[in-house]
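Every number in this text was worked out from the coordinates using simple rules, so none of it is lab data. These figures come from a predicted structure and were not determined experimentally.
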């Protein structure tokens, strides 16, 4: 709350160490930039008939997000900050069949904001659900050996611009770039993270 200058919260989320797609994540929506909200990770477009499509919409590519039918309306009108203090990627090893889970975070250890989009979906019986997706871009020098994509992490001074309704599409697209590698770190963590049921602080310790 202090880091993002938030004054209120829909609810205070419990600490999480292993968030999986379709679960809830803490966000700041552009419609309420001083409030902490919680939405489902996996964007469901308003025109979707089956909410299960959200599991396929956990990420949006920065290069195509302004034009993709599932994301273009949200890119113009419904942007959000997805809050975290780290993310996992899996590094492929040359000499073993299994992949090594890696935790990527800022060297400072502080929370950060990933560029996201959100939507409001209404079910046939009239119930509404807010969902979100995280925008990804090309990896920086730190992440490139681990994975070919990384989430767009916004520098502090860009967070308010991402939520600003007056910013045009070209200026928004310019924000979607890799975060400086020299401000980040990555290290191997326990393979227990491969099971979504495991969700404890041991998962974020180096191994």
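Could you please state, rounded to a whole Å, how far the C-alpha centre of segment 28-70 is from the C-alpha centre of segment 98-126? If you average the Cα positions of each part, the centres end up 11 Å apart. Remark: the residue 76-residue 49 segment gains 7.5 nm on full extension, using 0.36 nm per residue and subtracting the alpha carbon distance. Taking every alpha-carbon pair under 8 Å whose residues sit at least 6 apart, segment 117-207 reaches a relative contact order of 22 percent. Extension gain, residue 198 to residue 107, is 30.3 nm, computed as 0.36 nm per intervening residue step minus the present C-alpha separation. Mean residue ellipticity, 222 nm, helices only, the chain: the sum of -39500 (n - 2.57) across DSSP H runs of n ≥ 4, divided by residue count and rounded to 500, is -2500 deg cm²/dmol. Summary value for the chain: 22 percent relative contact order, contacts being C-alpha pairs under 8 angstrom separated by 6+ residues.
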